[in-house]
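Everything below concerns the one structure shown next.
The values are calculated or read from the model by the stated rules, or taken from the named source; none is laboratory data. The structure presented is a predicted model; accordingly, all values stated were derived computationally and were not measured. Positions of Cβ are backbone-derived with ideal geometry, glycine not excepted, and every protein chain shown enters the neighbour counts.
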Amino acid sequence: MADEPGKSPERPAASDPQAAPGEAPPSKEPAAEEAAREAAPVVEAPRPATVDDVRSLRRWLLVTGVWAVAATAIATIALVVANRFDEEELNARTANQIRDVQGRLEDRIEDLESRIDELPTSEDISDLDNRLSEVEDRTGTASDRVEALSDRLDDIEQRVETLEQAEETTTTQTETETNP
């Protein structure tokens, strides 16, 4: 019984001359000791790995590696699909913004074109310039005439004053001659 694994060797009896000094004498109840030994867990000594164990371990490591690669591939595909969806959504938003801006620019361009269409042509401006030149010439002529008329008016006023003074002098002399 002493060679069975998991069981401790039997202790020598107290009367055994080979008992170690300082060791407690065995209990007097061998049945209690026997029951305690049977209730104790059996611990087997580790055995060395065999070739089959190494092959099995290698096989499971290979399976684990394949699963890891598959999980990485699935995660990468999911990330690419998610990014593509985000890019498509971003592209759609950008396209809508571009359409809005393009519509506003088209409206502004139409407004400017209508304003430009209403503006006078270069021929109209040339005609207007010619008319303004004519008006300037006429104004210059009218100004000269007004100045000449002003001079004539001054001359007439001068004559009227002279005549009025002469008449006053004549009236005064006649009054003096008639009233001595």
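Identify, from the list THR171, THR139, THR162, THR121, the residue that is loosely packed, with under 10 Cβ neighbours inside 10 Å and not charged (D, E, K, R).
THR121
Is it the case that some residue within region 74-95 is over 22 Å from the mean Cα position of the chain (by Cα), of a type in the set (D, E, K, R) and either at pLDDT 85 or above or on the phi < 0 side of the Ramachandran plot (or both)?
No, every residue in region 74-95 fails to be over 22 Å from the mean Cα position of the chain (by Cα), of a type in the set (D, E, K, R) and either at pLDDT 85 or above or on the phi < 0 side of the Ramachandran plot (or both).
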